[in-house]
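The values are calculated or read from the model by the stated rules, or taken from the named source; none is laboratory data. These numbers were taken from a predicted model, which means no experiment stands behind them. Positions of Cβ are generated from backbone atoms using ideal geometry, with glycine treated the same way; all protein chains shown enter the neighbour counts.
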């Protein structure tokens, strides 16, 4: 009988394959015994652990360590950036940026449909990376539809882009973090039903850990949740299980994205003051607003104004729609995200007066309809799905979910997200942009030109 596949993005993507026939009892005395002793204890076997390159550590300056002189710091700083450039091997290719940007433009309004009036965040790059991991598992028209949605010509090109994306974004320098992590979880009751060559490809080229667990048990759910919590530093999965496997779950693919970076110029905590925020529903609530005046670039267009704040890992664009325009309306234009650029022809330069509410946003998205609208349909049809690249059992995709969290305060941003602060030196130009985010707004989190997350804040 056809088994099912499900995908969950938890600032992470989770693919699970389940079936219509009961799976046999988990094999392996260690898993069974552990599960009997404590049903909630994490139970799994690591078949392959990913190996990440050692990332250069950002040097301390004399203000942090008086034993270091400034010349020593400058030398160490230059060595740090040279080592980072070498590790990234040329960074993210323009073709990969274009593919992900196009994917973000098409998928964002689809993913956020039906979320009007709510706080919500979506990670285009997380979904792109997760579907990329699914591609070598698919064959025939099922794979062709995936490759088309991802904007690549073939599997070899996709494998190269995935590797370049992972290395290009990868940051773990002791100050900032941006880590894209993958894992594959197999039902240990179905040993021998998986294609080893594909598992080897996922481990080698997609930096994926490969694990087996007794699906349908609290121990398996806890093991997968623990992996998610570890990769997202507790932002997701830290409060209890976020997955619910069944004995028929054949496999689960998880792709997590973790981001943490400080503002280049932090907000001063003493400038944070309570103020009124008007929600999408029209009610007024109190929020803590961070205040600052910066010199930088901004956009003042029909329907909205936008400006960006720099972080140590990129930028965070904030967009304030004009009164009466919902943030979601702007996202319906597929050219909107790419038009948010400090290099745009209509960019202005001047004083930006910031009033930004502190927020901690969590959201869950069901992305099945998004996949359908992107043309990924065969994998959802039990009579057409072809996942023979992963398993000899008949399977199809039944679940695609994403869970996200973004936290913003005076110090910076932590989440599967990107942030930016705009600052400048010298005289203050005459132009002024007032970014008073006291009503619904949206944000775009980027690093190296890649849209990591798009979010809408309708209430605080």
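Taken as a whole, the stretch 354-362 holds no residue that is assigned by TED's automatic domain parsing to the domain that holds residue 273, surrounded by fewer than 20 Cβ atoms within 10 Å (Cβ to Cβ) and touching a helix residue (DSSP H, G or I) at 6+ places or on another chain (Cβ under 8 Å). Looking at the stretch 253-266, is at least one residue more than 30 Å from residue 357 (Cα to Cα) and surrounded by fewer than 23 Cβ atoms within 10 Å (Cβ to Cβ)? No, the stretch 253-266 contains no residue that is more than 30 Å from residue 357 (Cα to Cα) and surrounded by fewer than 23 Cβ atoms within 10 Å (Cβ to Cβ).
Just name the residue that is farthest from residue 132 (Cα to Cα) out of those in the stretch 196-216 that are in contact (Cβ under 8 Å) with a residue 60 or more places away in the chain and out of contact with any helix residue (DSSP H, G or I) (no Cβ under 8 Å at 6 or more places or on another chain).
Among them, the one singled out is 216.
Answer yes if at least one residue in the stretch 370-383 is touching a strand residue (DSSP E or B) at 6+ places or on another chain (Cβ under 8 Å) and closer than 20 Å to residue 256 by Cβ, and no otherwise. Scanning the stretch 370-383, I find at least one residue that is touching a strand residue (DSSP E or B) at 6+ places or on another chain (Cβ under 8 Å) and closer than 20 Å to residue 256 by Cβ, so the answer is yes. The numbered conditions (1) closer than 19 Å to residue 175 by Cα; (2) exposed (fewer than 15 other Cβ atoms within 10 Å of the Cβ); (3) within 20 Å of the chain's Cα centre (by Cα) are all true for residue 88 except (2).
Of all residues in the stretch 239-265, those satisfying the criterion of being under 30 Å from residue 308 (Cβ atoms) and more than 15 Å from the chain's Cα centre (by Cα) are 262, 263, 264, 265. For the stretch 281-291, the criterion of a residue being in contact (Cβ under 8 Å) with a residue 12 or more places away in the chain, assigned by TED's automatic domain parsing to the domain that holds residue 414 and assigned to a helix (DSSP H, G or I) is satisfied by no position. Within the stretch 212-220, the presence of a residue that is closer than 26 Å to residue 372 by Cα and either outside the structural domain of residue 100 (by TED's automatic domain parsing) or assigned to a helix (DSSP H, G or I) (or both) is excluded. In the set 21, 41, only one residue is surrounded by 12 or more Cβ atoms within 10 Å (Cβ to Cβ), under 28 Å from residue 133 (Cβ atoms) and either at pLDDT below 90 or touching a strand residue (DSSP E or B) at 6+ places or on another chain (Cβ under 8 Å) (or both); that residue is 41.
Looking only at residues of the stretch 176-195 that are in contact (Cβ under 8 Å) with a residue 40 or more places away in the chain and not in a strand (DSSP E or B), we find that the one that is nearest to residue 448 (Cα to Cα) is 176. Restrict the check to the stretch 135-151 and report whether at least one residue is assigned to a helix (DSSP H, G or I), surrounded by 22 or more Cβ atoms within 10 Å (Cβ to Cβ) and free of Cβ contacts under 8 Å to residues at least 24 places away in the same chain. Yes, some residue in the stretch 135-151 is assigned to a helix (DSSP H, G or I), surrounded by 22 or more Cβ atoms within 10 Å (Cβ to Cβ) and free of Cβ contacts under 8 Å to residues at least 24 places away in the same chain. The set of residues from the stretch 61-85 being without any contact (Cβ under 8 Å) to a residue 24 or more places away in the chain and surrounded by 16 or more Cβ atoms within 10 Å (Cβ to Cβ) comprises 73, 76.
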